[in-house]
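See structure below.
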Amino acid sequence: MDLGQVFAGVPRAGRVDGCAYCYPQSDLDLLGGDPALVPDELVGAFAREVTDHWPQEQYGLVWRGLAPRILGLLEASPDVLLLRGLPYARFSTWPAEEQAAVRGELRAMVTRALTGPPLAAADLVCAAAHVDHDLRPWLSHLDSLTGADAEIARLARFWADDLAAGGEPSLWWFPPDPAAPIRDWLHSTALHERLSRLDDRDTLIAIAQL
């Protein structure tokens, strides 16, 4: 799906009344205009910024206009904070085609990321959880993938080792126990069936010790 086409009709927000202390007027004007003219650095700063810097009535329009750019930055350099503003942007009220495009692109990105470093894949999965403030649909997406046993086993071992060392997934915004969905997934039947097919006893042992 061409994200540019899906989001091409999003109205411009106009003059953005954002935090003038952190952003010069020239940046605020750029954010309210043509998304193609917003520099990557400003796109990333907008997406990562705490939401109280922006009026909610404008924030959703700006986010929607920049959605293809933000998702592009996310895939290039997975960062949980890039999607932090989706709830404030009232993602659940966006047109159905736009919501479907974001979900579909994120599923494709998660799938592609599995072939790379486990940390990047883990951060991307955690970033996607901002969509519904729920990690479980993205763990279920992993379970639905075929032909990716080795890649998913590598991600599972990364999470198991990280949790065993006292680490915490990039889900600090998921109280009270951010790691619970990942622990549940690590002990799930679906994952254990994958690991058994690979005869990956080391990962099974690492999970059993959690």
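The values are calculated or read from the model by the stated rules, or taken from the named source; none is laboratory data. None of these values were measured; they are calculated from a predicted model. As a convention, Cβ positions derive from the backbone with ideal geometry for all residues, glycine included, and neighbour counts pool all protein chains shown. These accessible areas exclude ligands, DNA and RNA; they are computed on the full protein's heavy atoms, side chains included. Shrake-Rupley method; radii C 1.70, N 1.55, O 1.52, S 1.80 Å.
If you go through the range 73-102 one residue at a time, how many are farther than 12 Å from His130 by Cβ and either open to solvent by less than 50 Å² (accessible area, probe 1.4 Å) or not hydroxyl-bearing (Ser, Thr, Tyr) (or both)?
13
Residue by residue through the range 5-31, note down the ones that are open to solvent by less than 30 Å² (accessible area, probe 1.4 Å), modelled with pLDDT of 95 or more and part of a loop (DSSP other than H, G, I, E, B).
Hits for the range 5-31 are Phe7, Val10, Tyr23.
Please find, among Gly85, Gly60, the residue that is small (Gly, Ala, Ser), assigned to a loop (DSSP other than H, G, I, E, B) and under 19 Å from the mean Cα position of the chain (by Cα).
When all the criteria are applied, what remains is Gly85.
Pairs please, first residue from the range 16-38 and on the phi < 0 side of the Ramachandran plot, second anywhere and modelled with pLDDT of 95 or more and among the β-branched types (Val, Ile, Thr), Cβ atoms under 6 Å, 6+ apart in sequence or on different chains.
Leu30/Val38; Leu31/Val62
Assuming Gly65 fulfils every condition listed in (1) modelled with pLDDT under 95; (2) small (Gly, Ala, Ser); (3) in contact with a Lys or Arg (Cβ under 9 Å, 6 or more places away or on another chain) apart from one, which condition is it?
Looking at each condition in turn, Gly65 falls short on (1).
Could you say which residue among Glu168, Glu151 is assigned by the TED database to the domain that holds Arg194, in a loop (DSSP other than H, G, I, E, B) and of a type in the set (D, E, K, R)?
One residue alone meets the criteria, Glu168.
Looking at the structure I just gave you, is Leu106 at negative phi, open to solvent by less than 30 Å² (accessible area, probe 1.4 Å) and in a helix (DSSP H, G or I)? Show your work before the answer.
Details: at negative phi: yes; open to solvent by less than 30 Å² (accessible area, probe 1.4 Å): yes; in a helix (DSSP H, G or I): yes.
Here the answer is yes, as Leu106 does meet what is asked.
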